[in-house]
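Inspection log for the structure reproduced underneath, given as structure tokens.
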Amino acid sequence: MFDIEVHPNALKHSLSEEDVVFAWENFLRKQRREVPDVDQMIAIGFDRRGNLIELVAIDKPYGTLIYHAKSPPTAKMLIELGMAGK
């Protein structure tokens, strides 16, 4: 089984490591980014209180490294994931 690591940078918006991991594991939408950022996965997920969090991660040999997390999600992220109305 692969591990999930949360980079300290992902916690700079006052989110806890537990909430970031919970959101990654309880996602609404997750997808790989397109060229040139195909090494990145983006997601929108819920924390333990039901708040939406945007996440950006990369695959590592040991598992997943989440290096960005922010709540609430930005309009740009919602659009990229096809979750925003036109």
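The values are calculated or read from the model by the stated rules, or taken from the named source; none is laboratory data. Since the structure is predicted, the reported quantities are computational estimates derived from the model, not experimental observations. Reconstructed Cβ throughout: ideal geometry from the backbone, glycine too, with neighbour counts over all protein chains shown. We work out accessible area using only protein heavy atoms, side chains counted, and drop any ligands, DNA or RNA first. Shrake-Rupley method; radii C 1.70, N 1.55, O 1.52, S 1.80 Å.
Tabulated values for the structure
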quantity: The chain: calculated mean residue ellipticity at 222 nm from DSSP helix runs of at least 4, using -39500 (n - 2.57); calculated: -4500 deg cm²/dmol
quantity: Size-normalised alpha-carbon gyration radius of the chain, reference 2.2 N^0.38 Å; calculated: 1.01
quantity: Dipole magnitude of the chain, debye to nearest 20 (Cβ charges: Lys/Arg +1, Asp/Glu -1, about Cα centre); calculated: 380
quantity: Centre separation in Å (Cα based) which lies between segment 62-86 and segment 14-39; calculated: 7
quantity: For segment 1-83, share of DSSP beta bridges that run antiparallel, in % to the nearest 5; calculated: 85
quantity: Taking the chain and dividing mean pair separation by its residue count, relative contact order in percent (alpha carbons under 8 Å, at least six apart); calculated: 30
quantity: Nonlocal amide H pairs with Gln40, under 5 Å, H built at 1.01 Å; calculated: Arg33
quantity: Per residue accessible area of the chain, 1.4 Å probe, in Å²; calculated: 62
quantity: Segment 43-86 shape via C-alpha gyration tensor axes, a/c threshold 1.5; calculated: oblate
quantity: Accessible carbon and sulfur surface of segment 10-86 relative to its total accessible area, %, 1.4 Å; calculated: 54
